[in-house]
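The next block holds one structure in the form of structure tokens; read it before the comments.
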Amino acid sequence: MKKVLVTGSDGMLGSEVIRHLKRRSGVTAIPSTLRTMDITDLASVKKTFERERPTHVIHCAAFTLVDTAEKEPLKAFMVNAEGTKNLAFFASEYGAEIVYISTDYVFDGRTGEGYVETDQPSPINVYGQSKLKGEEYLRTLLDHHKIVRTSWLNGLGGVSTRNFIETMLRISENRNQLHVVNDQTGRPTFTFDLAPALVELLDVKSYGVFHVTGEGMCTWYEFARKIFQLAKRKVELDAISSHQFRSLAERPQYSVLLNTRFDDLGLPALPHWEESLKDYFRRRRLAESVSRPENRAPSREARRAG
């Protein structure tokens, strides 16, 4: 019996992981949020491990605000690095395995070529540096670890749906012309594709680094263009450079991750990002339909009154 502790279980990815774990026989899913375990607090982590005795940890909790990390580096490192160190220490003590979610931003993106798992990281922003430090702690403290680097993550679950798709749709409600960066290339990945892949990795007896992303690649401009096409919104898009956008954090220009080890293990490839984007909108429409008042299940009081 696997007992899988999922950090950040109320987040965009963690909520999907919990959903897929509950579908698996022989697996007990243990949700964990900031309210139940503060990963930056060693005593809190110890208490959780003592109580739950997990055999595996899927570590989704993270400080993911890339630009904010430039202003609050201590907070980013506390969560992404020190929090991961705390989990790794007690996972080692209790013989648990950790699957740690990392990022394409551990690379500088200056080679113009896709990255394999053995390429040397060289992050150019605080977020990438903090996630890389988490990787280093994991390697040092725990033999049975799986570092899963993914990229450009989008999903519908969690307490807050903060992703590129929803940002584009929200901004376009009040503007019919948008400027979108066209010199950063990556691989959009979706939580409903990544989550089952993470669950599959629990059964894999190989350890180390894995790149797991959606197939295909695009720029943010190309991604936005496809979003508005599928949303059937008429928005004029202007392609601009990263220099023109002037974000606080520098971002890698070509951070395409090649899923070499994942493919070598014979695990099924994630869908192409365009197919998953269509699936995203299908799921989004379904969620909106269910949330409409006329489609909600009647409350207990309403059933009694009826």
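The values are calculated or read from the model by the stated rules, or taken from the named source; none is laboratory data. None of these values were measured; they are calculated from a predicted model. Counting neighbours? That spans all protein chains shown, and the Cβs are built from the backbone with ideal geometry, glycine included.
Some observations on this one:
- Residue check for Val290: among the β-branched types (Val, Ile, Thr) and surrounded by fewer than 16 Cβ atoms within 10 Å (Cβ to Cβ): yes
- Number of positions in segment 147-178 that are buried (at least 19 other Cβ atoms within 10 Å of the Cβ) and either β-branched (Val, Ile, Thr) or under 21 Å from Glu215 (Cα atoms) (or both): 12
- From the options Thr40, Thr68, residue that is modelled with pLDDT of 95 or more, closer than 17 Å to Tyr127 by Cα and in contact with a helix residue (DSSP H, G or I) (Cβ under 7 Å, 6 or more places away or on another chain): Thr40
- Within segment 133-178, the set of residues being assigned to a helix (DSSP H, G or I) and among the aliphatic types (A, V, I, L, M) comprises Leu138, Leu141, Ile165, Met168, Leu169, Ile171.
- Contacts under 8 angstrom Cβ, first residue in segment 13-29 being at positive phi, partner not polar (S, T, N, Q), 6 or more apart: Gly26/Met1; Gly26/Lys2
- Tallying residues that are hydroxyl-bearing (Ser, Thr, Tyr) and part of a helix (DSSP H, G or I) within segment 188-197 yields 1.
- Subset of segment 198-230 [assigned to a helix (DSSP H, G or I) and within 17 Å of Glu275 (Cα to Cα)]: Trp220, Glu222, Phe223, Ala224, Arg225, Lys226, Ile227, Phe228, Gln229, Leu230
- Single unsatisfied condition, Tyr105 versus (1) more than 21 Å from Leu258 (Cβ to Cβ); (2) assigned to a helix (DSSP H, G or I); (3) touching a Lys or Arg at 6+ places or on another chain (Cβ under 8 Å); (4) among the aromatic types (Phe, Trp, Tyr): (1)
- Selection count where residues are surrounded by fewer than 18 Cβ atoms within 10 Å (Cβ to Cβ), of a type in the set (Gly, Ala, Ser) and assigned to a loop (DSSP other than H, G, I, E, B), scope segment 1-56: 2
- Unique residue being over 30 Å from Leu142 (Cα atoms) and either touching a Pro at 6+ places or on another chain (Cβ under 7 Å) or touching a residue at least 24 places away in the same chain (Cβ under 8 Å) (or both) when the list is Val199, Val212, Val180: Val180
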